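The values are calculated or read from the model by the stated rules, or taken from the named source; none is laboratory data. The shown structure was predicted, so the numbers you read here are calculated from the model rather than taken from an experiment.
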Amino acid sequence: EDKRRRNTAASARFRAKKKEREHAMESRCKNLESKVGDLERECEALRRENGWLKGLVVGV
């Protein structure tokens, strides 16, 4: 019976740690998705600026 109780406790700890790892990974994923969006917007702004500057140089 003691072995069963220890095994049940170990299983519960394993499930709790697994859930915690999954939560941390989901949080990291959301943060990275947000960063990707920010970088894509910055990239688009820089492309526009680059085109504008090229227009100035060619126009001169």
*So E22, is it modelled with pLDDT of 95 or more and of a type outside the set (S, T, N, Q)*: yes
*asked:* So V36 passes all but one of these: (1) at pLDDT 95 or above; (2) of a type in the set (V, I, T); (3) over 23 Å from the mean Cα position of the chain (by Cα). Which condition number does it fail?
replied: (3)
